[in-house]
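Right, one structure below, let's go through it.
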Amino acid sequence: MNARDLRKFFLSIVLPSILAITLFIISFYVIIIPSFKKNMMEGKKEMISELTNSAWSLVDEYYSEYCDGRIGMEEAMQLAAFRVGKMRYGDEEKDYFWITDMRPFMVMHPYRQELNGADLSDYKDPQGKRLFVDAVEIVSKHEEGYIDYIWQWKDDTTLIVPKLSYVKGFPQWEWIIGTGIYLEDVEQEIKMLQRNLFWITFIIIIVITSALLYIIRQSMIIETRRKEVEHKLLLSRQKYMTLVESSTIGTLMMAENKIIYANQKFLDISDCQRKDLGEKGIEDLFDLNWQCITDSFRDPGKSVTIETRIKSPDNNIEVLLSVSKVSYNRGYSYIIVINELSKSSVSDRHSSVLQDDLQSAILLMNQPVIRLIGDCLSCDIDCTVSEAVNLLKRKSKTALFIKQKEQIIGVVTTSDFLNRAMASGIELNSPVSSIMSAPVISVSENCLIHEAILTCRLHEISYLPVNNRQGECIGMLDYNNLLEVQQNYIVQLFIETERAESVSDLRDIYLRMIAIIELLVSSGAKPGVITRLVSAFSDKANVRIIEMAIEKEGTAPCDFCFIAMGSQGRLEQTFCTDQDNGIIIDDRLENDEAAILYFRRLGERITADLNSVGYKFCKGNFMASNPQWIKSLKEWQRQFTSWIKNSDPQSLLEINIFFDFRAIYGDFRLADELRTHLNRAADGESVFFYHFSQEINRFKPPVSMFGKITGEHDSPDSNLIDIKKLLMPVTGYARLYALRALITETNTLNRFDRLRDSGDISGNFIDEITEVYNILMRVRFRSQINYLMKGEDPSNIIDVNQLTGIEKTTIRKVLSLINDLVTKVRLDFKGGI
């Protein structure tokens, strides 16, 4: 370590440590010890005051007996003096009380009996102080008080020491009662404290000195290694430039928003000339927003990965960019590595999306028809045509099954009444059997949807009774409903959502969508596919409700953005999801009262309509109907900054909901600007990230010491667990690391993909935690469907006893992986404060 570095080390580490120790010692001797001595003296004064009051009370008892006539005055005074003279206190039981009168004469002194009855007017202590005369003056003026003087040590007449006494007058007999403490006791306690402090200070100095010596040694070792590394780096730079130039991977270098270097491979890929690069910016070469990429960096040494296209007049070449931020010429530059994506990899990506969609459709068609069964309307064979018509009209049905002895023998539809009854002139009082179709084709409850469709087509029928295993009719299938499933029913529901004219219309579509989701869950579709579908429908419903609300409230007075938070913001909604939303208003009308009132009315209408459709009110009132969550862009930015800076429990609660916000309707620019502000405000805030990670660290898996899954509700022996709580560390982990990496994605799985691309987290760990998420979401969906099938509201609570052995083993493995996740968070953020 050279002289300059040694001096810097001394000034930054050694000198502050010495100053801290010096201030520590000075503060003890100048502040703490005097304060301790003062407090101790005050305590001693309070003690002798209370003790004197006790003796005074004893004298007052004898005075009361005299006043009651039980004893005479002289006897009362003698007994009181005698009793007070026998009173002792202190560790050795040698501390005492004495009594004089106002002349002053000694009434009683237990150790100096030669003074009893003597005139004390001229009595002085060794320093010449008339202590008893002083006592008379204090009592005369104040009735009580303190005097200090020199006196013998307890019962030892040979030892004279300083003493402090408290005196109090007893006016009925003109007595002065007093007792005192020896200041020598206080000095001994102070000296003991000083000795202990000396040894403590000595030990602290030894420890700090040892630590400083160790730090100096380690620093010298590190400095030596640093110089060796710098030397090796210097030797490798030329080799690196040679390798880059000959590399099969395209490479660019940017500084001050200009391209300052490009290797030959990039020139070949982009079909650019080297001489033209100086005139082009990065956005002229690639289809991207360079500002968004640079905003994504939180510190040098980290890379950002993005998939984009090279702009070319002939064709668009898809590439994968890896952008790194490095120090350069007292500033920063960016190294961009370009990997050309093969046609097969691009095709595979699109095929994966198509495969998910096809899987959903195919699995849906191969589900049992039981979830599509409707009510079966029937009548007896003796029913007349007129009665049958009235029954169909009253029940709003289009098919009526005819029974004989509880067995279905035929079916009549509305078309039969038109084509057979009216065209043939059959009387209305004729039996309905005269126009029925027979025999009736039926299917079992285990029949698959595509089989039911084929049956209807084969027999050219529109209605199918469904029988259970006992052959009993449990309902019917409508061919038109089956066709809706076959003809991309989900897309049709989305179209109907866009065209809905009322909240009741949306409620009906919502219930049909729930049925479709139930089928997909039962078919084993991927959780990511299901949550994406649920959230996509939710977004459509939100948009249509907002449009209808604006139609009723009038055109908005300014640009605004309706945002969704929580599970909807993460595109992870299930059957058991409430509302989390808010409104961002353009800053131009920040203080416009009329505009604020308009958006409050709009927010109240939107949230009420969403609740009517099926998206329940938020119990925590994190909704656009709450004026607190209707803010201008600047107010939202200040709110997010406050959450990040404060990091108190309420702020952390709101952070976990609002940080997953996503634009649903309106001017998306407002949401984008808020996201950019959030990333900038959180960048580098280590204290915030430490507190933000604590919710994950507090997670305790519901597993006993013997590995058994235990419940967490109502009582210690409960078998109920909340699957949403098990998911919390996983979604929280994705949110925490994505925010730290300045990733703008809100979906948990998408965040994991971006974290994998960034290289911050190993791919294997991402794969494991993704599988954990998928397993828990599958369990969550199946549990909610079970509640729905029992006619109950969907819930996140599952009964451990209802799980199979394989499911329990899987959950235990999942909890073990979550424990690893929590441990990683604890290690990564242990130095936050």
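The values are calculated or read from the model by the stated rules, or taken from the named source; none is laboratory data. None of these values were measured; they are calculated from a predicted model. All Cβ positions, glycine included, derive from the backbone under ideal geometry; neighbour counts span all protein chains shown. All accessible areas refer to the heavy atoms of the entire protein, side chains included, with ligands and DNA or RNA removed. Shrake-Rupley method; radii C 1.70, N 1.55, O 1.52, S 1.80 Å.
Applying a threshold of 7 Å to beta carbon distances and a minimum spacing of six or more residues, or different chains, the list of pairs starting in the stretch 48-73 at a residue that is without any contact (Cβ under 8 Å) to a residue 60 or more places away in the chain and ending at one that is surrounded by 12 or more Cβ atoms within 10 Å (Cβ to Cβ) and in a loop (DSSP other than H, G, I, E, B) reads Glu65/Ile71. Does Thr748 count as open to solvent by 10 Å² or more (accessible area, probe 1.4 Å), under 14 Å from Glu572 (Cα atoms) and hydroxyl-bearing (Ser, Thr, Tyr)? No; evaluated as a whole, the condition is false for this residue.
Answer yes or no: is there a residue in the stretch 83-91 that is of a type in the set (D, E, K, R), assigned to a helix (DSSP H, G or I) and surrounded by 12 or more Cβ atoms within 10 Å (Cβ to Cβ).
As a first pass, look at the stretch 83-91 and keep what is of a type in the set (D, E, K, R): 83, 86, 88, 91.
Checking the rest, the ones that are also assigned to a helix (DSSP H, G or I) come to 83, 86.
This time we only want the ones that are surrounded by 12 or more Cβ atoms within 10 Å (Cβ to Cβ), so: 83.
Yes, because at least one residue in the stretch 83-91 is of a type in the set (D, E, K, R), assigned to a helix (DSSP H, G or I) and surrounded by 12 or more Cβ atoms within 10 Å (Cβ to Cβ).
All but one of (1) within 20 Å of Leu483 (Cα to Cα); (2) open to solvent by less than 80 Å² (accessible area, probe 1.4 Å); (3) within 58 Å of the chain's Cα centre (by Cα) hold for Leu377; which doesn't? Of everything listed in (1) within 20 Å of Leu483 (Cα to Cα); (2) open to solvent by less than 80 Å² (accessible area, probe 1.4 Å); (3) within 58 Å of the chain's Cα centre (by Cα), Leu377 misses just condition (1).
Only a single item in (1) at pLDDT 75 or above; (2) in a helix (DSSP H, G or I) is not met by Cys272, and it is number (2).
Taken over the stretch 642-667, the criterion of being assigned to a helix (DSSP H, G or I) and surrounded by 16 or more Cβ atoms within 10 Å (Cβ to Cβ) is satisfied by Trp643, Ile644, Ser651, Leu652, Glu654, Ile655, Asn656, Ile657, Phe658.
So which of Gly711, Gly732 is over 21 Å from the mean Cα position of the chain (by Cα) and crowded, with 19+ Cβ neighbours inside 10 Å? Can you show your working first?
Working: Gly732 fails: over 21 Å from the mean Cα position of the chain (by Cα).
Being over 21 Å from the mean Cα position of the chain (by Cα) and crowded, with 19+ Cβ neighbours inside 10 Å holds for just one of Gly711, Gly732, which is Gly711.
For the stretch 497-551, a residue qualifies if it is touching a strand residue (DSSP E or B) at 6+ places or on another chain (Cβ under 9 Å), among the aliphatic types (A, V, I, L, M) and open to solvent by 10 Å² or more (accessible area, probe 1.4 Å), and exactly one does: Val543.
Could you say which residue among Glu61, Glu46, Glu74 is under 21 Å from Ile181 (Cβ atoms), modelled with pLDDT of 75 or more and open to solvent by 50 Å² or more (accessible area, probe 1.4 Å)?
Numbers: Glu61 fails: under 21 Å from Ile181 (Cβ atoms); Glu74 fails: under 21 Å from Ile181 (Cβ atoms).
The conditions single out Glu46.
Among residues of the stretch 601-615 that are more than 16 Å from Gln628 (Cα to Cα) and among the acidic types (Asp, Glu), those with a beta-carbon under 6 Å from a residue that is in a helix (DSSP H, G or I) and open to solvent by less than 20 Å² (accessible area, probe 1.4 Å) at least six positions away or on a different chain give the pairs Asp609/Ile545. Of the listed requirements (1) touching a strand residue (DSSP E or B) at 6+ places or on another chain (Cβ under 6 Å); (2) surrounded by fewer than 16 Cβ atoms within 10 Å (Cβ to Cβ); (3) assigned to a strand (DSSP E or B), Thr157 misses just one: (1). Would you confirm, using the coordinates I've provided, whether Arg420 is at pLDDT below 85, surrounded by 12 or more Cβ atoms within 10 Å (Cβ to Cβ) and of a type outside the set (Ser, Thr, Tyr)? Considered against the rule, which asks whether it is at pLDDT below 85, surrounded by 12 or more Cβ atoms within 10 Å (Cβ to Cβ) and of a type outside the set (Ser, Thr, Tyr), Arg420 comes out as yes.
Can you find a residue in the stretch 560-567 that is open to solvent by 30 Å² or more (accessible area, probe 1.4 Å) and touching a residue at least 12 places away in the same chain (Cβ under 8 Å)? The answer is no; no qualifying residue exists. Whenever a residue of the stretch 735-749 is in a helix (DSSP H, G or I), its partners that are crowded, with 22+ Cβ neighbours inside 10 Å and acidic (Asp, Glu), lying with C-beta atoms within less than 9 angstrom and at least six residues away or across chains, give the pairs Arg735/Asp660; Thr748/Glu572; Leu749/Glu572.
How many residues does the stretch 393-403 contain that are open to solvent by less than 10 Å² (accessible area, probe 1.4 Å) and part of a helix (DSSP H, G or I)? Before the answer, list the steps.
Taking the stretch 393-403 first, the residues open to solvent by less than 10 Å² (accessible area, probe 1.4 Å) are 399-402.
Filter again for part of a helix (DSSP H, G or I), leaving none.
Looking only at that region, the number is 0.
Among the residues of the stretch 768-823 satisfying the criterion of being among the acidic types (Asp, Glu) and at pLDDT 90 or above, which is surrounded by the fewest Cβ atoms within 10 Å (Cβ to Cβ)? Please lay out each step first, then the result.
Residues of the stretch 768-823 among the acidic types (Asp, Glu): 768, 771, 792-793, 799, 807, 820.
Then keep just the ones that are at pLDDT 90 or above; that gives 768, 771.
On the way: Glu768: 16, Glu771: 13.
That would be Glu771.
Might you let me know whether the stretch 586-598 holds any residue that is within 23 Å of Thr746 (Cβ to Cβ) and either at pLDDT 95 or above or not in a loop (DSSP other than H, G, I, E, B) (or both)? Within the stretch 586-598, not a single residue is within 23 Å of Thr746 (Cβ to Cβ) and either at pLDDT 95 or above or not in a loop (DSSP other than H, G, I, E, B) (or both). Do we have Ile150 as open to solvent by less than 70 Å² (accessible area, probe 1.4 Å) and under 29 Å from Asn39 (Cβ atoms) here? For Ile150, the condition - open to solvent by less than 70 Å² (accessible area, probe 1.4 Å) and under 29 Å from Asn39 (Cβ atoms) - is met. For Thr52, the conditions (1) touching a Ser or Thr at 6+ places or on another chain (Cβ under 9 Å); (2) among the hydroxyl-bearing types (Ser, Thr, Tyr); (3) open to solvent by 20 Å² or more (accessible area, probe 1.4 Å) all hold with the exception of (3).
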